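Here the structure is laid out as C-alpha cells; the discussion comes afterwards.
The values are calculated or read from the model by the stated rules, or taken from the named source; none is laboratory data. Everything numeric in this text was worked out from a predicted model, so none of it was measured. Cβ sites come from the backbone with ideal geometry, for glycine too, and all protein chains shown count toward neighbours.
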Amino acid sequence: MSFTASQLECGFGMEQLDANKVVVAASTAAAEISNAGHIAKQLSLVAKNARTVVLRAGDAALGFKVVSDFFVELSTSSIFLVSQVNIVAIELSRGAIECWDANRLSQKLDDVVLRHKEEEIEYFSSIEPSISKGREGTAKLNDDLKHQIKKLSSLVDDIRQQMRAGKVISVISRIEASRAGEFRQALEEMADKVEALTERMIVHIQTAMTQLEEAQVNN
Amino acid sequence: MKSLKIYDQQHQWFILAREDVKGKSLIETNQYMVRNGERTLIIDPGGVELFAPMLSSVLQNVPIDQVTDLFASHQDPDVISSLNLWDQVLTNAKLHAPSIWEGFIRHFGLNNVEYVSVKDDGGVVDLGGLQLQIIPAHYLHSSGNIHLYDKEAKILFSGDVGAALEEPASPMYVDDFNEHISKMEYFHKRWMPSNTAKSNWIERVSRLEIDILCPQHGRMFKGDDVKRFLDWFDQLPVGIAV
Ligand SMILES: [Fe+2]
Ligand SMILES: [Fe+2]
C-alpha cells in the first residue's frame, strides 16, 4: 500500500507533522545516538587508562589528571544520556505509528463521508461519533508527537553540548601531555584518541540532530 | 460494493461483494453479514483496501453499534487485514477466529475488540440466541481454518473452499456448474494442500443440510449445485505444487 506524504500528515489544522517522517527520524536518531554510545564506551576506557598512567606519573602529570577525570565523567554522563535518548526515541516511534494508524482510519472514514454524499447511507449518523473522535484523536496525537520530538531533540542537544566541551578539553589535554616528561608520548597518544573519539561522536550526534530537525519541518 | 440479502426470515444473511478496487491487483472477496435483532456478525470482513466500501455497505443495513461480532475463517490478509480499522470503530465487539492464529492475527492491531479463540474442534457463535455452528476446516487451505454453519437458514460459509477466480461484477450465484469448474479448478488444486483434510471435510459437511454454500471468493452455490460442488471437490486431487 502506498500513501503520499500529504496523506500521512498527522492531525488537522495548520501545523501537521508527517508521521512517516517522524518514525524514520526517531529510528535514525536512535541508531546514530546508539553508535555514539558505543564510542562513548571506548572513550570511557581510554579516559580510565589515562587516569592509571596519570597515577603512575604522579606530579609529572598533575595537569593531565584533571583532563582524564573530566573525560571519565563525560563518557559516563553521555552513556546515561544515550540510554535516555533510546527510551524517548522508542516512545516517539510508537506515538508516530499510533498517529499513522489514527490517520489511516480518518482517511477511510472520509471516504465513507464521500460515499454518503453520493448515495445516502441509512445508518451514517451512527458512525459520526467515530469520525469526530478520530479527528480529535489525530489532533491530540499530533500535539503529543511534537512534544516528544522536542524532548528528544533537547536530549540530543545536551549530548552535543557535552561533546563540544569535550572537544575543547581534548585540545588542552595535548598541551598537558607535552608537559608530562617521560609519560609525554603515552599521554599524547591518549589525547589523540580522545580527540578522535569525540569528533566521531559529534558526527553521529549531528546526523541525529539533522534528522530530528527535518522531521519537525511542516510540509 | 453490492449488497444482497440471501436469507430473510427471523434473522437475515447478506452478501457484501463485487467491489471493484481498480488498479490494485487485489483478489476479489465476498463478505457476509448475519443480522439477528440488534446483533450483527460480519464474516471475513476483508482487507484494508475494502474497509471504506465495506463500512458503507454495513451502514446501509445496520447502525455501527449493532455490529457485535466478527468472524475470521483464517489469518489471511484478504480475510482480516482490515481488523485494525474495525477495531477502532467497534466499541464492544468480539472476533471469533482460530486459536492457533491468535498471536498472528493480533499483529494486525487489536486493542478494543475481544479475541475469542476458537479451539481446533470448533464451537458455536451465539448471536443473540441464534446458534451458529463453527465447523473445523483445517488445512483447507490454512492450517487453522474454520467455517460457519447456520442450521436454521441452511447456509454454510465455506471460506476459501468453493472459491473461484472471477471477473469483477460476475453474478452472485453459479448458474452453470460445468462452466464454473474452470474458474475453480486451479484455485483448489494449488491452494488446498491436503487430500486427507479435503475428504474428511467433505465427509462431515455432506451430513449437513445446505441450501446455500457461501465461499469467500467467486459465486455462491445454491440447491443442487451444492452437492455438485462437493462431488466435484471429492474427486479433485489437491496439493499439486509438490
Ligand atoms: Fe486464504
Ligand atoms: Fe481467501
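Would you mind finding the one in B:193, B:168 that is under 19 Å from the mean Cα position of the chain (by Cα) and at pLDDT below 95?
Exactly one of B:193, B:168 is under 19 Å from the mean Cα position of the chain (by Cα) and at pLDDT below 95, namely B:168.
Pick from A:53, A:46: which is within 26 Å of residue A:208 (Cα to Cα) and surrounded by fewer than 24 Cβ atoms within 10 Å (Cβ to Cβ)?
A:46
For the stretch B:102-129, which residues satisfy the criterion of being part of a loop (DSSP other than H, G, I, E, B), within 15 Å of residue B:73 (Cα to Cα) and either modelled with pLDDT under 95 or in contact with a strand residue (DSSP E or B) (Cβ under 8 Å, 6 or more places away or on another chain) (or both)?
Those that are part of a loop (DSSP other than H, G, I, E, B), within 15 Å of residue B:73 (Cα to Cα) and either modelled with pLDDT under 95 or in contact with a strand residue (DSSP E or B) (Cβ under 8 Å, 6 or more places away or on another chain) (or both): B:120, B:121, B:122.
So which residues in the stretch B:78-101 are outside any strand (DSSP E or B) and within 16 Å of ligand 2 (Cβ to nearest atom)?
Selection gives B:78, B:79, B:80, B:81, B:82, B:83, B:101.
Within the stretch B:153-182, count every residue that is away from ligand 1 (no atom under 16 Å from the Cβ) and closer than 14 Å to residue B:228 by Cβ.
9
When the residues of the stretch A:123-177 are filtered to those that are of a type in the set (Val, Ile, Thr) and closer than 30 Å to residue A:71 by Cβ, which remaining residue is nearest to the other protein chains (Cβ to nearest Cβ)?
A:156
Could you check the stretch A:61-85 and list, in sequence order, the residues that are modelled with pLDDT of 90 or more and touching a Ser or Thr at 6+ places or on another chain (Cβ under 7 Å)?
Listed by number, the list holds a single entry, A:76.
Just to be sure I understand the filter: pairs with C-beta atoms under 7 Å, separated by 6 or more residues or on different chains, first member in the stretch B:124-139 and farther than 21 Å from residue B:10 by Cβ, second member acidic (Asp, Glu) and surrounded by fewer than 20 Cβ atoms within 10 Å (Cβ to Cβ). Which pairs pass?
Once the first residue is farther than 21 Å from residue B:10 by Cβ and sits in the stretch B:124-139, its partners that are acidic (Asp, Glu) and surrounded by fewer than 20 Cβ atoms within 10 Å (Cβ to Cβ) give B:136/B:120; B:136/B:121; B:138/B:120.
Could you check the stretch A:62-80 and list, in sequence order, the residues that are in contact (Cβ under 8 Å) with a residue 24 or more places away in the chain, within 20 Å of residue A:36 (Cα to Cα) and either within 14 Å of chain B (Cβ to nearest Cβ) or surrounded by fewer than 21 Cβ atoms within 10 Å (Cβ to Cβ) (or both)?
Matches in the stretch A:62-80: A:70, A:72, A:76, A:77, A:79.
Starting from the stretch B:66-78, keep only residues that are within 14 Å of another protein chain (Cβ to nearest Cβ) and at negative phi, then list their pairs with residues that are hydroxyl-bearing (Ser, Thr, Tyr) and within 14 Å of ligand 1 (Cβ to nearest atom) whose Cβ atoms are within a distance under 8 Å, requiring at least 6 positions of separation or different chains.
That search, which allows pairs on different chains as well, returns B:78/B:29.
Looking at the stretch B:156-174, I want the residues that are of a type in the set (Ser, Thr, Tyr) and have a partner that is not in a strand (DSSP E or B) with Cβ atoms under 6 Å, at least 6 apart or on another chain. Which pairs are those?
Close Cβ pairs satisfying both conditions: B:158/B:215; B:173/B:219.
Based on this model, can you work out whether residue B:25 counts as farther than 23 Å from residue B:112 by Cα and either within 16 Å of ligand 2 (Cβ to nearest atom) or aliphatic (A, V, I, L, M) (or both)? So that I can check it myself, show each step before the final result.
Numbers: farther than 23 Å from residue B:112 by Cα: yes; either within 16 Å of ligand 2 (Cβ to nearest atom) or aliphatic (A, V, I, L, M) (or both): yes.
The answer is yes for residue B:25.
Is it true that residue B:169 is at positive phi, in contact with a Lys or Arg (Cβ under 6 Å, 6 or more places away or on another chain) and surrounded by fewer than 23 Cβ atoms within 10 Å (Cβ to Cβ)?
Judged against the criteria, residue B:169 is a match.
Please work out if residue B:57 is away from ligand 1 (no atom under 16 Å from the Cβ), out of contact with any Cys (no Cβ under 9 Å at 6 or more places or on another chain) and within 19 Å of residue B:139 (Cα to Cα). So that I can check it myself, show each step before the final result.
Working: away from ligand 1 (no atom under 16 Å from the Cβ): yes; out of contact with any Cys (no Cβ under 9 Å at 6 or more places or on another chain): yes; within 19 Å of residue B:139 (Cα to Cα): no.
In short, no.
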